[in-house]
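The values are calculated or read from the model by the stated rules, or taken from the named source; none is laboratory data. Computed from a predicted model, the values in this text were never measured in an experiment. Cβ: placed from backbone, ideal geometry, glycine included. Neighbour counts: every protein chain shown. Protein only, heavy atoms only, side chains kept; ligands, DNA and RNA dropped before computing areas. Shrake-Rupley method; radii C 1.70, N 1.55, O 1.52, S 1.80 Å.
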Amino acid sequence: MDRIVIIGAGQGGLQAAISLRQEGYTGALTLIGGEAGLPYQRPPLSKAYLKSGDAAALRLRPESFYDKNAVELVTETWVDRIDRAGRVVHAGDRSFAYDHLILATGTRNLRPPIPGAERCLDLRTLADAQTLRTVLDSPKRCAVIGGGFIGLEFAAVARGLGHDVTVAEAAPRLMARVVSPEISSYFKDLHKRLGTVLHLGDPAAEVTGAGMVLKSGTEVAADIVLMAAGVVPNAELAGEAGLEVNNGVVVNDRLLTADPDISALGDCAVFPDPTTGRPVRLESVQAATDHARLIAKRLIKGEDMPYAAVPWFWSDQADAKLQIAGLAAPGDATHRRADGAIFRFADARLSAVETVNNARTHMQARKALAGPDVSRAALAAVDYDFAALA
Amino acid sequence: MVKVTYIAADGTTTTVEGEAFSNVMQTALDNDVAGIVGECGGSMMCATCHCYVDEAWQGKTGARNDGEDDMLDCAAGEVKPNSRLSCQITLTPDLDGLVVHLPEAQY
């Protein structure tokens with residue numbers, strides 16, 4: 001293998017480049033990204049960066065890394081087309097031949113089809129975050145569409161800076177897609193305490209020059225409206241190249257598409273959940289980087305291992321560090337331990353553990369979930385104390 | 001600038017200049033020092049920037065921060081009394097010359 005091309009220079013794409021070199025790959029390596037500048041971390045954009053404005057701290061690797069490791073970084077370049085038969089990627093008047101292609105195209109912000117949506121600000125890229133920082137220079141009334149991680153992290157920072165904040169969420173509870181009702185409720189109380197106004201089960205229906213109008217008719221006066229209603233995977237390139245796309249680029253448990261010369265990783269990839277086998281797409285640093293490492297090992301070392309990493313997620317909102325280990329389905333049962341740690345169960349099997357400011361339990365859960373199935377009965381027998389599990 | 005020396009598990013020694021008040025993890029990444037991953041970017045959400053503070057420097061780097069013990073519990077390498085998450089060691093000027101040892105694996 002002499003030529004590997006990676007489309008997408010986010011954290012997953014860069015990790016693929018890093019891991020390929022670490023595994024001993026010596027051929028040509030091209031990393032193509034749509035944004036300007038060096039690859040950077042996204043998670044802090046809605047947290048530390050929004051407060052500090054320190055863009056240098058976001059950089060994943062210094063410029064010297066790319067020279068030293070012979071990674072050809074191609075920035076501000078959007079790929080138009082993948083020619084699978086010719087094994088070439090076309091971008092404008094440039095083309096990049098590959099022996100293996102890695103799709104790390106990530107996601108883009110979802111724009112619900114509501115009137116005035118184009119007036120909204122986004123929080124996905126460094127440029128978006130820079131714009132928000134400029135806008136938040138003076139006291140503002142901020143309306144947020146979406147009560148998920150990004151919307152709530154923004155809300156917490158904006159409140160901390162003294163701005164007025166109102167969040168509208170379509171679902172009846174916060175972060176409904178990813179956490180239990182108990183954790184949703186904890187964060188509802190937290191944000192109310194911070195002084196954020198929450199409208200649950202009442203989606204934004206229109207964005208105007210004066211703010212936003214909710215489905216109920218409630219008008220929220222605002223100087224800025226942030227769109228944080230989720231993302232859509234960038235899977236069009238794969239689809240147009242004839243690869244299967246279903247909520248993302250479909251890959252097998254080796255993270256390989258139906259084309260043996262094309263892998264996909266991170267937020268854009270739909271892969272079989274190692275525990276249940278059901279197709280999942282995760283939006284997390286953990287999945288992106290663990291995917292990248294597995295692909296590098298397979299391509300360079302020939303290690304033919306199924307992907308089996310335990311998912312984990314985090315969110316910082318004011319003084320609450322939310323950590324999730326594992327992956328629960330929306331209907332999974334819930335047990336609340338006396339200290340507030342939430343245990344989720346798919347039938348009798350532990351599927352996830354959600355904690356706030358409890359790193360010990362989070363790490364114990366990650367260890368436990370990496371092993372054989374943990375049953376609800378076994379946990380109940382030891383009062384849900386991982387340390388006491390046999 | 002604050003000088004930091006990283007000694008890898010295989011003995012490879014790298015000395016670099018870090019910016020004052022940066023941290024030991026960021027300085028390693030900025031200078032392309034292998035052996036520190038720093039997956040969560042210093043949010044103390046992972047344990048992939050594990051290091052062992054050289055005995056001569058243990059007094060100056062101080063004790064582990066709140067929550068650091070818990071994350072270290074899940075570090076891939078052996079956890080020793082001088083284990084730290086390198087993202088939690090701020091490069092104050094009095095750490096000029098700091099020496100840290102790196103574990104064999106970070107994940």
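Structure above, values below:
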{"item": "Pick from region A:77-111, criterion under 21 Å from the mean Cα position of the chain (by Cα) and of a type in the set (Gly, Ala, Ser), ranking: nearest to A:GLY151 (Cα to Cα)", "result": "A:GLY106"}
{"item": "Close pairs from region B:67-83: first closer than 13 Å to B:CYS49 by Cβ, partner of a type in the set (Ser, Thr, Tyr) and in a loop (DSSP other than H, G, I, E, B), Cβ under 7 Å, at least 6 apart", "result": "B:ALA76/B:TYR107"}
{"item": "Contacts under 7 angstrom Cβ, first residue in region A:1-14 being among the charged types (D, E, K, R), partner in a strand (DSSP E or B), 6 or more apart", "result": "A:ASP2/A:ALA28; A:ARG3/A:ALA28; A:ARG3/A:ALA97"}
{"item": "Residue list for region A:112-142, restricted to those being closer than 20 Å to A:GLY201 by Cα and either over 22 Å from the mean Cα position of the chain (by Cα) or of a type in the set (Lys, Arg) (or both)", "result": "A:PRO113, A:ILE114, A:PRO115, A:ALA117, A:CYS142"}
{"item": "Residue that is nearest to A:LEU20 (Cα to Cα) [pool: residues in region A:74-110 that are basic (Lys, Arg) and in contact with an Asp or Glu (Cβ under 8 Å, 6 or more places away or on another chain)]", "result": "A:ARG87"}
{"item": "Candidate set: region B:32-70, residues that are outside any loop (DSSP other than H, G, I, E, B) and touching a Pro at 6+ places or on another chain (Cβ under 9 Å); chosen: the one farthest from the other protein chains (Cβ to nearest Cβ)", "result": "B:GLN58"}
{"item": "Condition check for A:ARG376: within 13 Å of chain B (Cβ to nearest Cβ) and either within 27 Å of A:GLY13 (Cβ to Cβ) or not aliphatic (A, V, I, L, M) (or both)", "result": "no"}
{"item": "Filter result for A:ARG59 (closer than 30 Å to A:GLY160 by Cβ and open to solvent by 30 Å² or more (accessible area, probe 1.4 Å))", "result": "yes"}
{"item": "Those residues of region B:13-31 which are open to solvent by 70 Å² or more (accessible area, probe 1.4 Å) and away from chain A (no Cβ under 14 Å), in sequence order", "result": "B:THR13, B:THR15"}
{"item": "Criterion: over 30 Å from A:ALA325 (Cα atoms) and in contact with a strand residue (DSSP E or B) (Cβ under 7 Å, 6 or more places away or on another chain) - qualifying residue of B:THR61, B:THR27, B:THR92", "result": "B:THR61"}
{"item": "Residues (out of contact with any helix residue (DSSP H, G or I) (no Cβ under 7 Å at 6 or more places or on another chain), farther than 26 Å from A:ASP290 by Cβ and of a type in the set (A, V, I, L, M, F, W, C)) located in region A:340-386", "result": "A:ALA377, A:ALA378, A:ALA380, A:ALA381"}
{"item": "In region A:342-383, the residues that are in a loop (DSSP other than H, G, I, E, B), hydrophobic (A, V, I, L, M, F, W, C) and surrounded by 17 or more Cβ atoms within 10 Å (Cβ to Cβ)", "result": "A:VAL374"}
{"item": "Per-region count, region A:25-50, residues more than 13 Å from chain B (Cβ to nearest Cβ) and either surrounded by 18 or more Cβ atoms within 10 Å (Cβ to Cβ) or touching a residue at least 40 places away in the same chain (Cβ under 8 Å) (or both)", "result": "13"}
{"item": "Residue tally, condition at pLDDT 90 or above and either outside any strand (DSSP E or B) or touching a Leu at 6+ places or on another chain (Cβ under 6 Å) (or both), over region B:89-107", "result": "13"}
{"item": "Hits in region B:71-88 - residues which are part of a loop (DSSP other than H, G, I, E, B) and not aliphatic (A, V, I, L, M)", "result": "B:ASP73, B:CYS74, B:GLY77, B:GLU78, B:LYS80, B:PRO81, B:ASN82"}
{"item": "Residue selected from region A:181-200 under the condition free of Cβ contacts under 8 Å to residues at least 24 places away in the same chain, within 12 Å of A:ALA318 (Cβ to Cβ) and out of contact with any strand residue (DSSP E or B) (no Cβ under 7 Å at 6 or more places or on another chain), by the criterion most open to solvent (accessible area, probe 1.4 Å)", "result": "A:ARG193"}
{"item": "Pair list, Cβ under 9 Å, 6 or more apart: region A:52-68 residue facing chain B (nearest Cβ under 9 Å), other residue part of a helix (DSSP H, G or I) and open to solvent by 50 Å² or more (accessible area, probe 1.4 Å)", "result": "A:ALA57/A:ALA48; A:LEU58/A:ALA48"}
{"item": "The listed residue being over 25 Å from A:ASN252 (Cβ atoms) and assigned to a strand (DSSP E or B), out of A:ASP316, A:ASP339", "result": "A:ASP316"}
{"item": "Filter result for the condition that a residue is in contact (Cβ under 8 Å) with a residue 40 or more places away in the chain and more than 24 Å from A:ALA235 (Cα to Cα), over A:ILE300, A:ILE295", "result": "A:ILE300"}
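Results for (1) touching a residue at least 24 places away in the same chain (Cβ under 8 Å); (2) open to solvent by 50 Å² or more (accessible area, probe 1.4 Å); (3) farther than 26 Å from B:GLN26 by Cβ, shown as yes or no for each residue.
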site: A:THR77; (1), (2), (3): yes, no, yes
site: A:THR107; (1), (2), (3): yes, no, yes
site: A:THR134; (1), (2), (3): no, yes, no
site: A:ASP137; (1), (2), (3): no, yes, yes
site: A:VAL144; (1), (2), (3): yes, no, yes
